[in-house]
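Every number here is computed from the coordinates shown, using simple stated rules; none is lab data. Remember, it's a predicted structure, so these values are computed and weren't measured experimentally.
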């Protein structure tokens, strides 16, 4: 089935939060207590965060759909004057099917159109799958801030914009 990348709407929020929670469980399990990534308090925090991002002037949330089902989500925003990939999650049943790459490409294409030269992200250090994905797409350690607690800080150089 073809993959559709589109801008998220408020109607997507429940599906986004479910996907976000499921994807995070795959890399936090065994490293954090379940309540820290899938408990009711965290679910509420996640829902509130996604609700603020969807439709915000400073942020973009993209959904990947296949067969009418949400299979991936990515969010990027301007933070501290720079572009940050804040979230990129793929339904684990869709790993290695091109969903992550399609979302990543949609983000980088938008950044280039906007003249962005550098983007940043944070990735949970033990998440080797995500780290390999980002390395494959050109992300490297941020020389100014290579680590933030349990997360590695990566940057992507996009050229002259």
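Taking only C-alpha pairs under 8 Å that are 6+ residues apart, what is the relative contact order of the chain in percent? If you can, show how the numbers build up before the last one.
Working: 251 pairs, mean separation 31.6, N = 161.
The normalised contact order for the chain reaches 20 percent.
Which whole-number percent gives the relative contact order of region 66-135, counting Cα pairs below 8 Å spaced six or more residues apart?
Working: 64 pairs, mean separation 20.1, N = 70.
Value for region 66-135: 29 percent.
Can you classify region 1-150 as rounded, prolate or oblate using the Cα gyration tensor, where a ≥ b ≥ c are the square roots of its eigenvalues, rounded means a/c under 1.5, and otherwise it's prolate if a/b beats b/c and oblate if not?
Details: a/c = 1.26, a/b = 1.05, b/c = 1.20.
Verdict is rounded for region 1-150.
Calculate how many DSSP beta bridges within the chain are antiparallel, expressed in % of all such bridges and rounded to the nearest 5. Before the final figure, lay out each step's value.
Working: 32 of 35 bridges.
If I count the DSSP bridges inside the chain, around 90 percent turn out antiparallel.
Per residue of the chain, what 222 nm ellipticity follows from adding -39500 (n - 2.57) for every DSSP H run with n ≥ 4, rounded to the nearest 500? Walk me through the numbers before you get to the answer.
Values: 5 runs with 59 residues, N = 161.
Taken over the chain, the calculation gives -11500 deg cm²/dmol.
Could you tell me the center-to-center distance, by alpha carbons, between region 23-97 and region 100-130 in angstrom?
About 13 Å separates the Cα centre of region 23-97 from the one of region 100-130.
Rounded, prolate or oblate: pick one for region 61-161, where a ≥ b ≥ c are the square roots of the eigenvalues of its C-alpha gyration tensor, a/c under 1.5 means rounded, and failing that, prolate if a/b is larger than b/c, else oblate.
Oblate, because a/c is 1.5 or more while a/b does not exceed b/c.
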